Protein chains: 2
Amino acid sequence: MSELQTFRRSYIPPLPTILTKDVNVKKCEALGAAADHEKIQALFPCTYGLPRVEYEECTGKVWRPMNIGVVLSGGQAPGGHNVIAGIYDFTKKVGGNMYGFRYGPRGVFTGKYVKIDDKFMDQYRNMGGFDMIGSGRDKIKGDDQFQASAKVCNDLELDGLIVIGGDDSNTNAALLAEYFQSIHHRTHVIGCPKTIDGDLKNDYIPVSFGFDTACKIYSELIGNICVDALSAQKYYHFVRLMGRSASHITMECAFETHPNYTFIGEEISQKKKSVKQITQEVVDLIVERAKLGKNYGVILLPEGLIEFIPEMGSLIEELNEVIAAGHTAQDDIAAHLQPASRELFDYLPQSLRDQLTLDRDSHGNVKVSQIETEKFIVSCVQKELDALKAQGVYSGSFNAQCHFFGYEGRCGLPSCFDTNYCYALGYNAGVLIHEGLNGMMSTISNLDAPVEAWTAGGVPVTMMMNIERRNGKDEPVIKKALVELDGLPYRRFVEQAKKWRLGDCYSFPGPIQFTGPAANVINQTLAYEIEERRMRKH
Amino acid sequence: MSELQTFRRSYIPPLPTILTKDVNVKKCEALGAAADHEKIQALFPCTYGLPRVEYEECTGKVWRPMNIGVVLSGGQAPGGHNVIAGIYDFTKKVGGNMYGFRYGPRGVFTGKYVKIDDKFMDQYRNMGGFDMIGSGRDKIKGDDQFQASAKVCNDLELDGLIVIGGDDSNTNAALLAEYFQSIHHRTHVIGCPKTIDGDLKNDYIPVSFGFDTACKIYSELIGNICVDALSAQKYYHFVRLMGRSASHITMECAFETHPNYTFIGEEISQKKKSVKQITQEVVDLIVERAKLGKNYGVILLPEGLIEFIPEMGSLIEELNEVIAAGHTAQDDIAAHLQPASRELFDYLPQSLRDQLTLDRDSHGNVKVSQIETEKFIVSCVQKELDALKAQGVYSGSFNAQCHFFGYEGRCGLPSCFDTNYCYALGYNAGVLIHEGLNGMMSTISNLDAPVEAWTAGGVPVTMMMNIERRNGKDEPVIKKALVELDGLPYRRFVEQAKKWRLGDCYSFPGPIQFTGPAANVINQTLAYEIEERRMRKH
């Protein structure tokens, strides 16, 4: 163990005051779905339209012992171990046993679990990673696996199963909650919002955990690269960041570091920009900066960038459908595309065509994180600059360096914010189980206040759902929260980014600190979102 | 400015006690060259064989005003601004003016400089990057540039010029020192040991600045990746690290993070390993781990790895000579190679052949940092594993993720160690100038003690020199300090690395801290080297 690990392991996260009190559940307004209400209601007859819950203080509460299982689902996010620590400390308070299912949801239906005790738990308090019990990308699917899960939960006499996951994982949790309730099973299912991508949030869930830490790690690196660009004055750095469906990470990192240009996928998508237009935006920047004698800069882009380009999005969607229909050879796949997509497909470099057709994830989707979008953009930009040079319009030098930051941020030591937030999310999930709730997500709010003043409660998972087409089928899924172009964070970004283009206003956040004056800042997009919600309320 | 920047900017580095006293220079033993003594002496008649210097306390010292110029040369390293701050504070103490030459040595002979004052200096105290005055890779070459430099230094009435650089830059500084002394010029030249690669050190220079911070930044990321590998259990991460000629960074990061396998270039070189042997070492690791059910891991390699492979080294050396002789077309180049090199050249993938022949740096050398060595190794490993799978010997899964960490570490916020070390190096360089020394390098030692007990002095730059072949010519250069296979750090590494292969003993250093218990650790290779020197002395 490093000195920093030893130091952090001894940290005791404070609980929001409300969670240290005797409380009863207060039922608030009932919540529907994000869209497709009837279809969602039909699929979730037991767990649709539940009320949001808060707590109200009471006296003489009798806390009953609870047996609780926990499962980590999907990609790693800093703070997962502290969610488990929060749940564990709740079960210690009320009595009962706690189990961790191994390697994701597969551990639930196959009955692979470990009983959590003090010694085991204490090794992982405030630590990054999901290595305590492991995670997995399997979903609980089909009658057999649902029934097997019910048996395992019954054998362990679980009062609750807490699923720590992103949108897909919580969708799966909601299906399990619905199934359990339909068969009057004793086990209640509660979700916790996890994803570094930051796209699982809404009016009741301010942010998913891990986003803060991951953005700070990426911003540390981008800040270093900005200073390097300014010091060496000879490279354009293209930095691809995680965020397949949403550009929250990219926007937050832009706020933290002030790069010269930032692609926000949602803007590209809504303005229906083409590959050519996007290329031109970078070319314009480079030509303008060259006129100022600046042949260097930093450009951020989300990994999902090419999916946001409508013509590319259409192509990928068609590819997903064509491949789901069983076509595998590249020529055969190409032959089944619509003319516009066919043209674009043929225009792309062979390496990108290979990536689009060969590598698919377990959901059958293109592995966008494997596509080196930044290299694709660089080669398009280089071509245009060469043409401008030949025309005598541009005489600068263009040397590109490409970076991708992804795995570096998923298992970092959680920031002070994520450490405290996750602990509260987990502890609160335990309270929701205790109060007999099912199909809800644990929520902690008022996050810009000191931890003691944070509020706690729950919202039904179904309120985030709509119907989407996956692998050629209509399926209920949690609607991803995208960057909203009329939202305060994006408007502030647009306003500030103008200055960042030509002036070198790089900001340098540095490494995450756990003590000292910089240790307790929350990320800027969250701050803007909280500000916006307050403005809407008043 | 971020909160952390503001916090760090107000930090005042302590000085070693000896540098706060009135001192006189104490001349110690005279030092020769690293090798090729006669040739070095002939090239440096004025500055060869100078004595090493220390200080001894005195009373009633009269400190005279000094005008000092400073230049940053070569790649960025965390702490450069603090060397400048140390020099500046020395000139403030004794009186006189200080100038920063812009964008590297070119600023000296073209007379591009900025006068440094409190306001300008204070912006950069304890900050990363070289953006205060910029850096450059030019060398001062030929009579015209030497004469122009002499004129600029004379016009500014400089008592001293301090060159902050690595081996090439300090070689250039030594040539300038020799030239100035030969014409009885008033300006004395002093070097400061900078390079994140850690290959500029010897019995008198414990470490070059920037190494500590860069290794800690890379180790933070590698530690995160190790935990990710362990959590996801599905990827082999191949991490390429800076270090073109030496593997100090790679070894230090291995000590910090305990990866499953680590390539040390010097070992490959001395044991004359082939591409095939190196591939086999990784394949053996993967097959053994697969038998334990572990289809994941972390492997570190230095960017210069392929240059360390003798058959590759021969090829690159031949390519450097053939291209220096004016051959440019790939076929033409290939036709001029020796048979063994020709065979290897033809065997390499086209992309690597392109990189070896098309991209050259300003010294005419292959841009090794541009070669994606880790992808080259992965493709060799994949081929062998496919063969073993076909034979039924291996049934694991192999998914590789490649990373390169370079630019991310050059401009980080300097660690507490580098902050203090650089400040002392700069202040001490000022003292050496004041004491009329020339052609010396500033040295600060006893670095595992508290700062106050650090010692200070200087060694002649020529004592590090030997003759090497560059661009087809014999040239005097500072001999790079490689990882010594009979040295204590490497022996400890070998001993410990055995356990890291199959057991997952990953260590997790986390982000650099500036306060708290983890803030003041020095790096492990330095600690071992200090230990070894003490053992040798007794």
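Rank-order B:478-491, B:52-65, B:180-193 by packing density, defined as the average count of other C-beta atoms within 10 Å over each peptide's residues, highest first.
Going by the mean number of other Cβ atoms within 10 Å, highest first, we get B:180-193, B:478-491, B:52-65.
Across region A:96-103, in residue order, what do the Karplus-derived ³J(HN,Hα) couplings come to in whole Hz, using 6.51 cos²θ - 1.76 cosθ + 1.60 with θ = phi - 60° and x for Gly and Pro?
Listing the rounded values in order: x, 10, 10, 10, x, 7, 8, 6 Hz.
What is the distance in Å between the Cα centroid of region A:1-73 and that of region B:1-17?
42
Peptide A:211-221: average number of partner chain Cβ atoms within 10 Å per residue?
2
With the Cα gyration tensor of region B:1-145 giving a ≥ b ≥ c as the square roots of its eigenvalues, does the rule (a/c under 1.5 for rounded; else a/b larger than b/c for prolate; else oblate) give rounded, prolate or oblate?
It is oblate, given that a/c is not under 1.5 and a/b is not larger than b/c.
Hey, can you find the accessible area per residue of region A:89-172 for me, probe 1.4 Å, expressed in square angstrom?
Accessible surface, normalised per residue, equals 39 Å².
How big is the B/A interface in buried accessible area, both sides summed, 1.4 Å probe, to the nearest 100 Å²?
Between B and A, the summed buried area is about 4200 Å².
Distances from residue B:284 to the same residue in each other copy, label points 7 Å out along Cα→Cβ, in nm, shortest first?
5.9
Over the whole of A:395-408, what's the average partner chain Cβ count within 10 Å per residue? Rounded to a whole number, please.
Taking the mean over all residues of the peptide, I get 3.
Show me the ranking of peptides A:323-331, B:157-165, A:2-10 by mean Cβ neighbours inside 10 Å, starting with the highest.
B:157-165, A:2-10, A:323-331
Compare the peptides A:235-241, A:206-212, B:97-103 by average per-residue count of other Cβ atoms within 10 angstrom and give them in order, highest first.
The peptides rank, most packed first, as A:206-212, A:235-241, B:97-103.
Can you tell me the FRET efficiency between residue A:452 and residue A:3 if r is taken as the Cβ-Cβ distance and R0 is 41 Å, rounded to the nearest 0.05?
The computed FRET efficiency comes out at 0.90.
Can you give me the long-range amide H partners of residue B:400? Hydrogens built in the peptide plane at 1.01 Å from N, cutoff under 5 Å, separation of 5 or more residues or another chain.
Amide H to amide H, under 5 Å and 5 or more residues apart or across chains, residue B:400 pairs with B:236.
If you scale each eigenvalue of the Cα gyration tensor by 5 and take the root, what three semi-axes come out for the protein assembly as shown, rounded to whole angstrom and sorted largest first?
Semi-axes, largest first: 53, 33, 28 Å.
Over chain B, calculate the relative contact order: mean separation of alpha carbon pairs under 8 Å at least 6 apart, over the residue count, as a percent.
24
Sorted from shortest, what are the nm distances separating the label point of residue A:58 from equivalent points in the other copies, each placed 7 Å from Cα along Cα to C-beta?
Result, one decimal in nm: 8.5.
Please report, in debye to the nearest 20, how large the charge dipole of the protein assembly as shown is about its Cα centre when each Lys and Arg carries +1 at its beta carbon and each Asp and Glu carries -1 there.
Here the protein assembly as shown has a charge dipole of around 1100 debye.
Between residue A:351 and residue A:41, what is the spin-label point distance in nm, taking each point 7 Å from the Cα along the Cα→C-beta axis?
5.3
Could you name the residue in chain A with the C-beta closest to the rotation axis that superposes chain A on chain B, along with the separation in whole Å?
Rotation axis A onto B, closest Cβ, rounded to whole Å: A:511, 2.
Can you give me the long-range amide H partners of residue B:457? Hydrogens built in the peptide plane at 1.01 Å from N, cutoff under 5 Å, separation of 5 or more residues or another chain.
Close amide H contacts, sequence-distant or interchain: B:443.
Does chain A come out rounded, prolate or oblate by the C-alpha gyration tensor, with a ≥ b ≥ c the root eigenvalues, rounded set by a/c under 1.5 and, if not, prolate when a/b is larger than b/c and oblate if not?
Note, shape of chain A comes out prolate.
In nm, to one decimal, how far is the residue B:26 label point from the residue B:141 one, both placed 7 Å along Cα→Cβ?
For the pair residue B:26/residue B:141, the computed spacing is 4.3 nm.
Taking each residue in A:409-418, count the Cβ atoms of any other chain within 10 Å of its Cβ, then average. What number comes out?
4
Place +1 on the Cβ of every Lys and Arg and -1 on the Cβ of every Asp and Glu in chain B, take the dipole about the Cα centre, and give the residue among B:7, B:427, B:314 whose Cα lies farthest towards its positive end.
Towards the positive end, the residue furthest out is B:7.
Grab the beta carbon distance between residue B:471 and residue B:393, set R0 = 51 Å, and tell me the FRET efficiency rounded to 0.05.
Step by step, r from the Cβ atoms, then E = 0.60.
By the gyration tensor of its Cα atoms, with a ≥ b ≥ c the square roots of the eigenvalues, what is the shape of region B:12-63: rounded for a/c under 1.5, prolate for a/b over b/c, or oblate?
prolate
Relative to the Cα centre, what is the charge dipole magnitude of chain B, using +1 at the beta carbon of each Lys and Arg, -1 at the beta carbon of each Asp and Glu, and rounding to the nearest 20 debye?
That gives chain B a dipole magnitude of about 620 debye.
Sorted from shortest, what are the nm distances separating the label point of residue A:350 from equivalent points in the other copies, each placed 7 Å from Cα along Cα to C-beta?
0.6
If the cut-off is 18 Å between C-alpha atoms, which aspartates and glutamates fall inside it for residue A:92, apart from same-chain ones fewer than 8 positions away?
Candidates past the 8-residue exclusion: A:22, A:117, A:118, A:122, A:157, A:159, A:435.
Distance from the Cα centre of region A:360-418 to that of region A:481-538, in angstrom?
Answer, in whole Å: 23.
Give a residue-ordered list of calculated ³J(HN,Hα) values for region A:532-537 (Karplus: 6.51 cos²θ - 1.76 cosθ + 1.60, θ = phi - 60°; whole Hz; x for Gly, Pro).
Listing the rounded values in order: 5, 5, 4, 4, 5, 5 Hz.
For region A:475-538, what does the convex hull of the Cα positions come to per residue, in cubic angstrom?
Per residue, the Cα convex hull of region A:475-538 comes to 188 Å³.
Quick one: of B:216/B:479; A:27/A:61; B:139/B:479; A:39/A:479, which pairs are farther than 23 Å apart, Cα to Cα?
B:216/B:479
Please work out how much accessible surface residue A:381 shows to a 1.4 Å probe, ignoring ligands, DNA and RNA, in Å² rounded to 10.
0
Summing -39500 (n - 2.57) over the DSSP H runs of n ≥ 4 in chain B and dividing by its residue number, what mean residue ellipticity at 222 nm do you reach, to the nearest 500 deg cm²/dmol?
Per the formula, -13500 deg cm²/dmol.
For region A:276-350, what is one quarter of the convex hull surface built on the Cα atoms, given in nm²?
Here the figure is 6.1 nm², rounded to one decimal.
Which value, to two decimals, describes the C-alpha radius of gyration of region A:122-263 once divided by 2.2 N^0.38 Å?
Output field value: 1.40.
Computed FRET efficiency, Cβ-Cβ of residue A:281 and residue B:538, R0 60 Å: what is it to the nearest 0.05?
0.35
What residue among A:262, B:226, B:300 has its Cα farthest toward the positive end of the dipole of the protein assembly as shown, where the charges are +1 on Lys, Arg and -1 on Asp, Glu, each on the Cβ?
So the residue furthest toward the plus end is B:226.
Which ³J(HN,Hα) values, rounded to whole Hz and listed in residue order, are derived for region B:132-143 from phi using the Karplus coefficients 6.51, -1.76 and 1.60 in 6.51 cos²θ - 1.76 cosθ + 1.60 with θ = phi - 60°, glycine and proline given as x?
Ordered by residue, 3J(HN,Hα) equals 4, 10, x, 9, x, 9, 5, 10, 7, 10, x, 4 Hz.
When DSSP assigns beta bridges and you keep just the ones with both residues in chain B, what percent turn out antiparallel, to the nearest 5?
Around 40 percent antiparallel, to the nearest 5.
The values are calculated or read from the model by the stated rules, or taken from the named source; none is laboratory data. Bear in mind that the values here come from a model prediction, so they are computed numbers and not experimental data. Cβ coordinates were reconstructed from backbone atoms using ideal geometry, including for glycine residues, and neighbour counts include every protein chain displayed. Areas reflect the complete protein model, heavy atoms only, side chains present, ligands, DNA and RNA absent. Shrake-Rupley method; radii C 1.70, N 1.55, O 1.52, S 1.80 Å.
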